[in-house]
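**Q** Please find one structure pasted underneath; my questions will follow.
The values are calculated or read from the model by the stated rules, or taken from the named source; none is laboratory data. Model, not experiment: these values are computed from the prediction. Neighbour counts run over all protein chains shown; Cβ positions are idealised from the backbone, glycine included. With ligands, DNA and RNA removed, areas are computed over all heavy atoms of the protein, side chains included. Shrake-Rupley method; radii C 1.70, N 1.55, O 1.52, S 1.80 Å.
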Amino acid sequence: MKNLFDLTGKVAIVSGASSGIGVQFAKVLASQGANLVILARRYEKLVEVAKDIESEYEVKVLPIKCDVTVEKEVIAAVDKTIEVFGKIDISMNNAGVVDAVPVHMLEEEAWDKVINADVKSVFLMSKHVLKHMLNAKYGRIINTASMLGAGGSANIPTHSYNAAKAAVINLTRGMAASYAKHGITVNAIGPSLFYSEMTANTLFKEPILSYYNNTCPMGRPGNPGELDGAVLYFASDASSYTTGQTLFVDGGWTAV
Ligand SMILES: NC(=O)c1ccc[n+]([C@@H]2O[C@H](COP(=O)([O-])OP(=O)(O)OC[C@H]3O[C@@H](n4cnc5c(N)ncnc54)[C@H](OP(=O)(O)O)[C@@H]3O)[C@@H](O)[C@H]2O)c1
């Protein structure tokens, strides 16, 4: 039987691939044969990730320093991708930040930082990859949302993040509807709690960690690799008739 998840010859851009979930996303795409462009602000970290992936898989990985909240940097990164690889099949809009501060204590600047990094980034990346995907009549856009985009919790006061990730989920639906007839699917992955630089000092610590473990049906955070199946599903032809969806990979947290 044909490998439904084969990505040989595909070109994928992964933003936020200097640490955490984005590194794993890049690895799993490479494991199925995709060449990669990896984006983040910390270039040295991207270079390490690129070397690591190229040593393990027979793919090319191009690291590009890019602040995905700045349109001219996004344009430059997309242009470079086209110059080097000639096309963009998959865009994983994954870069993001969190802030566990409730609204009544939240500074305007902190609000803007989260909204820009988590939502404006998805808009800018989508806008500029779509030009190429529309010409090619093919594309897979995959946005990183969150369980915290599906609801709120008094025990996890991440109000700017709740707003940002809910916007990502509905932007995913809107774009999916508009581009479905152009061979482009737009889906999102909604992780719950995974250890990363972002969560180490925010969500993956007490008291939120115990609250999460006590309320998550599986009773534990996600382990590295537990998002791999969702990524490959949305990136490959396995999901050819799926668009506008957010797949929560959350041990059942949003089911209860
Ligand atoms: N870990 C979880 O439990 C969890 C759960 C749900 C959703 N998520 C989402 O997963 C994504 C990755 O987070 P993570 O947990 O893996 O955290 P992480 O290790 O802190 O990774 C965040 C990544 O985003 C990049 N980034 C942040 N702002 C950026 C900007 N303005 N321009 C370019 N790159 C930027 C960072 O790179 P630089 O600092 O080098 O720029 C880094 O590579 C985020 O969207 C996050 O909201 C995570």
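**Q** Taking region 238-256 on its own, how many of its residues are assigned to a helix (DSSP H, G or I), under 12 Å from Asn187 (Cβ atoms) and open to solvent by 30 Å² or more (accessible area, probe 1.4 Å)?
**A** 0
**Q** What about Leu4, is it surrounded by fewer than 21 Cβ atoms within 10 Å (Cβ to Cβ) and either at pLDDT 95 or above or not small (Gly, Ala, Ser) (or both)?
**A** Judged against the criteria, Leu4 is a match.
**Q** Of the numbered conditions (1) of a type in the set (Val, Ile, Thr); (2) under 23 Å from Ser160 (Cβ atoms); (3) open to solvent by less than 30 Å² (accessible area, probe 1.4 Å), Val103 fails exactly one; give the number of that condition.
**A** With (1) of a type in the set (Val, Ile, Thr); (2) under 23 Å from Ser160 (Cβ atoms); (3) open to solvent by less than 30 Å² (accessible area, probe 1.4 Å) applied to Val103, the lone miss is (3).
**Q** Right, another one. Name the residues in region 153-173 that are surrounded by 19 or more Cβ atoms within 10 Å (Cβ to Cβ) and out of contact with any helix residue (DSSP H, G or I) (no Cβ under 9 Å at 6 or more places or on another chain), would you?
**A** Once the filter is applied, which keeps residues that are surrounded by 19 or more Cβ atoms within 10 Å (Cβ to Cβ) and out of contact with any helix residue (DSSP H, G or I) (no Cβ under 9 Å at 6 or more places or on another chain), region 153-173 yields nothing.
**Q** Please work out which one of (1) of a type outside the set (Val, Ile, Thr); (2) near the ligand (Cβ under 8 Å from one of its atoms); (3) part of a helix (DSSP H, G or I) is the condition Ser55 fails and give its number.
**A** (2)
**Q** Return yes or no: is Val28 within 13 Å of the ligand (Cβ to nearest atom) and either over 29 Å from Ala163 (Cα atoms) or outside any strand (DSSP E or B) (or both)?
**A** The answer is no for Val28.
**Q** Just checking, does region 51-59 include any residue being over 18 Å from Asp228 (Cα atoms) and under 18 Å from the mean Cα position of the chain (by Cα)?
**A** Checking region 51-59: not a single residue is over 18 Å from Asp228 (Cα atoms) and under 18 Å from the mean Cα position of the chain (by Cα).
**Q** Sticking with this structure for a sec: What are the residues in region 120-131 that are near the ligand (Cβ under 10 Å from one of its atoms) and farther than 13 Å from Ala77 by Cβ, if any?
**A** Result: Lys120, Val122.
**Q** Here is a further query. Across region 1-25, which residue is farthest from Lys80 (Cα to Cα) among those that are touching a Leu at 6+ places or on another chain (Cβ under 9 Å) and away from the ligand (no atom under 14 Å from the Cβ)?
**A** Going through the qualifying residues, I end up with Leu4.
**Q** Same structure, new question: What residue, among those in region 33-62 that are touching a residue at least 40 places away in the same chain (Cβ under 8 Å) and in contact with a helix residue (DSSP H, G or I) (Cβ under 7 Å, 6 or more places away or on another chain), is farthest from Lys120 (Cα to Cα)?
**A** Asn35
**Q** Touching a Pro at 6+ places or on another chain (Cβ under 8 Å), under 26 Å from Ala200 (Cβ atoms), assigned to a loop (DSSP other than H, G, I, E, B) and touching a residue at least 40 places away in the same chain (Cβ under 8 Å) - does that describe any residue in region 79-98?
**A** Within region 79-98 (the criterion being touching a Pro at 6+ places or on another chain (Cβ under 8 Å), under 26 Å from Ala200 (Cβ atoms), assigned to a loop (DSSP other than H, G, I, E, B) and touching a residue at least 40 places away in the same chain (Cβ under 8 Å)), the answer is no, since none of the residues qualifies.
**Q** While we're looking at this one, here's another question. Only one residue in Ala145, Ala230, Ala176, Ala235 is within 11 Å of the ligand (Cβ to nearest atom) and open to solvent by less than 40 Å² (accessible area, probe 1.4 Å). Which one?
**A** Ala145
**Q** Looking only at region 58-67, how many residues end up being in a loop (DSSP other than H, G, I, E, B) and within 14 Å of the ligand (Cβ to nearest atom)?
**A** 2
**Q** Moving on to the next point. Pick from region 207-223 the residues that are under 18 Å from Gly190 (Cα atoms) and assigned to a loop (DSSP other than H, G, I, E, B): which of them is nearest to the ligand (Cβ to nearest atom)?
**A** Top of the filtered list is Pro221.
**Q** Related question: From the list Val47, Val68, exactly one residue is at pLDDT 95 or above and open to solvent by less than 40 Å² (accessible area, probe 1.4 Å). Which is it?
**A** Only one candidate passes the filter, namely Val68.
**Q** From Val70, Val74, Val78, grab the single residue that is within 16 Å of the ligand (Cβ to nearest atom), in contact with a His (Cβ under 7 Å, 6 or more places away or on another chain) and under 13 Å from Val122 (Cα atoms).
**A** Val74
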